[in-house]
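Here's the structure we're looking at; comments come further down.
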Amino acid sequence: MSRVAKARGRAAAGAVVALTLACGCTAQAVGTAGRDGGDDAKAAPPKRTAPHAPDPTPTRSPTPKIKSPVSRAELPPSKLPKPTPPPSWTPPPPKTTPPPPPGPVIMAQGKRGERVRELQARLRQLSWFHQYPTGLYGPATAAAVKGFQGKRGLAPTGATDTRTWARLLRMTDEPTRYALYPDGGMPPAEPDRRCLTGRVLCISKESRTLTWMVDGKALSTMDVRFGSEYTPTREGVFTVFWKSRHHVSTLYDTPMPYAMFFSGGQAVHYSSDFAARGYAGASHGCVNVRDEGRIADLFKKVEDGDRVVIYR
């Protein structure tokens, strides 16, 4: 090879190295062949660079997916956890205090009188006795007393002793005359002074009784009912002016047997409604009698002109 060719090859290699250094990057050695196909030129050695520094940020592992919790409602019954059975412990039975011994007996079965009627009326206030007071201490009264005693922690004997009576008095009010005799049978009131002479139908609104009196002597007494507040029975002194055995009211179209008229259309007469309903109803101003046998007997004895006294 000529010197000129060798000189040109060295110049070309130097230009390549200079260009590589100017660009700041590394390159492999490039061989340049002569035009005549001679030996390759020696390449410049590659420039060494600093080793690559590691990334300061640590590598994160992928986050595992967490399954959302499943509610108890979505689980089938077979997958539900079994409840823990409660401990096998039985509470001790409550301590019971025995009732106090009963006191001396005041009333018991077979007893009659006004005190028995009061007992029944007081038990009726507390809804233990569901009948009208009768004054007879029978099985129904004994059962009511026994229930009251058991409820109040008293000895349930069914007989009214001093302890039972005292407890009942504290829990109830004193019965009125109408509470003692809600269905009639009330003893007649003291007769009005106007009833003490002659032949008189003496009628008391307070005791709801009619007493047939002759010369101040009471011969018979019966329950009666009066008019309502809208059709009240008149009060005062009257006389019987007409008797009608099979009378029928032309105003109300109702039967009025054994009628004894004393003031306009008002009369003393038998009432089947009074016999059936008691004091739940009222008359249209007349004096109703519910005992047909007694009013029939009275109808025979009363005469026109006999007096009728109606008072409170």
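Below, the figures for the structure above:
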read-out	value
17 Å cut-off, amide nitrogen to a point 7 angstrom out along residue 237 Cα→Cβ, residues in region 280-312	305-312
Virtual spin-label span in nm between residue 183 and residue 140, 7 Å along Cα→Cβ	0.6
Taking N as its residue count, the alpha carbon Rg of region 200-312 over 2.2 N^0.38 Å	0.95
Approximate spin-label separation residue 248-residue 215, in nm, with each point projected 7 Å along Cα-to-Cβ	4.3
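Here, each number is a calculation from the coordinates, and none is a lab measurement. Everything quoted here is computed from the prediction, not taken from an experiment. So basically every Cβ, Gly included, is an ideal-geometry build from the backbone, and we count neighbours across all protein chains shown.
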